[in-house]
Amino acid sequence: MLAGSWHSWPSWGFGLDLSRCAATGSTTDLVYVSPKSGQAVSQGAGDVYRARMLPLPVFLISNAQPDREAILDALRLSGFFWEQRVFRPNGRKLPAARTRFVDRLGRDAAVSRA
């Protein structure tokens, strides 16, 4: 579900580039995604803009096993770009079912941490 959500974007012209830092070209320490360019940003280059950056779930660029929070971050990341690049330009909103699913998953995660 998550992989299909963003791996198919290049064929539509909306691809995220998570392979290297947009600012430095580095392929290590990638922890952010620029909401403007859709490119990965390293911690060193992005910390100064942290409030504006989106978190990059490590499992999207490695073989790491995601926890619930990482899955939520990936869903929020893909939702941000779906909304900004697909739905909003066409005068639409993200599907309500998707929004409810992400909200529910987030609430369940908060309850399990309590």
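Each reported figure results from applying straightforward, stated rules to the coordinates on display, with no laboratory input. Computed from a prediction, not measured in an experiment: that's the story for all the values here. Ideal geometry is used to build each Cβ from the backbone, glycine not excepted, and the neighbour counts take in all protein chains shown.
Apply the a/c threshold of 1.5 to the C-alpha gyration tensor of segment 26-92 and tell me whether it is rounded, prolate or oblate. Walk me through the numbers on the way to the answer.
On the way: a/c = 2.25, a/b = 1.33, b/c = 1.69.
Oblate.
May I ask you to sort Y49, Y32 by Cβ crowding, counting other Cβ atoms within 10 Å and putting the fewest first? Please list the in-between numbers first.
Details: Y49 13, Y32 24.
Ranking Y49, Y32 by Cβ neighbours within 10 Å, fewest first, gives Y49, Y32.
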- Expected sort for I71, I61 with the fewest Cβ neighbours (10 Å cutoff) up front is I61, I71
- From phi via Karplus (6.51, -1.76, 1.60), per-residue ³J(HN,Hα) for segment 36-46 in Hz, x at Gly/Pro: 7, 9, x, 9, 5, 9, 6, 4, x, 7, x
- How many nm is it between the label spots at Q84 and R68, if each spot is 7 Å from the Cα in line with the beta carbon? 2.8 nm
- Taking H as built 1.01 Å from N, whose amide H comes closer than 5 Å to the amide H of T24, not counting residues under 5 places away? S42
